[in-house]
Amino acid sequence: MKPKLQRWKVGNVVCYALFEYRDQIRSLLYQFKGCFDYELFPVFVYFSQPLIRFRFRNYIIVPAPSSALRNAQRGFNQVVEMFKPIGLEISDVLLKNSDDKQSDLGAAARKQVYKVLAVKKGASIQGKKILLVDDVYTTGSTVKGCVDLLKNHGASKVAVLVMSRTPKHGV
């Protein structure tokens, strides 16, 4: 696996993707999250972890929320696990109030994802630098919704890191 770092902006937030979402990454991600192959968790950031850890050394990782039902079925949250090897603090402060899979939704429905996202009660992100992480960036709807939530709850700075970005990312 050779990372192909991509950089772009969503509004004034800098976003990075480690890989393009192509066959090899799609297959590994399916094996990891769809077939519950937990042992794959370190491969996604293996080559990039020192650079990520250095670049975002003063940030707290906040994973994009995942369905509680799917996490329970799988036995783990794939986003949390794939970014653990970076070694930064992880704060799971975002919540998804729906079990709909983004990949099953059309473009119009995906744009409404912000309606099912929330910050967990009692979570404090005020004044913190946040590195929002997710597995796949497709339309950007989840990232946009999460970034807005984090900023509205007082994050001092937000950056985005995704494991992969679809070639037709819809931005």
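The values are calculated or read from the model by the stated rules, or taken from the named source; none is laboratory data. This structure is a prediction, so every number in the text was calculated from the model and none was measured. Methodologically, a virtual Cβ is constructed for each residue, glycine included, from the backbone with ideal geometry; neighbour enumeration extends over all protein chains shown.
Sort out which residues of the range 63-83 are hydrophobic (A, V, I, L, M, F, W, C), within 17 Å of VAL119 (Cα to Cα) and modelled with pLDDT under 90, and write them in order of number. If the condition is that a residue be hydrophobic (A, V, I, L, M, F, W, C), within 17 Å of VAL119 (Cα to Cα) and modelled with pLDDT under 90, then ALA68 is the only one that fits.
Check the range 87-101 and report whether any residue there is out of contact with any Asp or Glu (no Cβ under 6 Å at 6 or more places or on another chain), at pLDDT 90 or above and charged (D, E, K, R). Yes, the range 87-101 contains a residue that is out of contact with any Asp or Glu (no Cβ under 6 Å at 6 or more places or on another chain), at pLDDT 90 or above and charged (D, E, K, R). Just wondering, is there one or more residues in the range 40-63 that are surrounded by fewer than 20 Cβ atoms within 10 Å (Cβ to Cβ), under 17 Å from THR138 (Cβ atoms) and over 15 Å from the mean Cα position of the chain (by Cα)? No, the range 40-63 contains no residue that is surrounded by fewer than 20 Cβ atoms within 10 Å (Cβ to Cβ), under 17 Å from THR138 (Cβ atoms) and over 15 Å from the mean Cα position of the chain (by Cα). Residues in the range 136-171 that are within 23 Å of PHE47 (Cβ to Cβ) and surrounded by fewer than 21 Cβ atoms within 10 Å (Cβ to Cβ): ALA159, THR166, PRO167, HIS169. Pairs linking a residue in the range 116-128 that is more than 14 Å from ILE61 (Cα to Cα) and surrounded by 15 or more Cβ atoms within 10 Å (Cβ to Cβ) to a residue that is modelled with pLDDT of 90 or more and small (Gly, Ala, Ser), with Cβ atoms under 7 Å and 6 or more positions apart or on different chains, are LEU117/GLY145.
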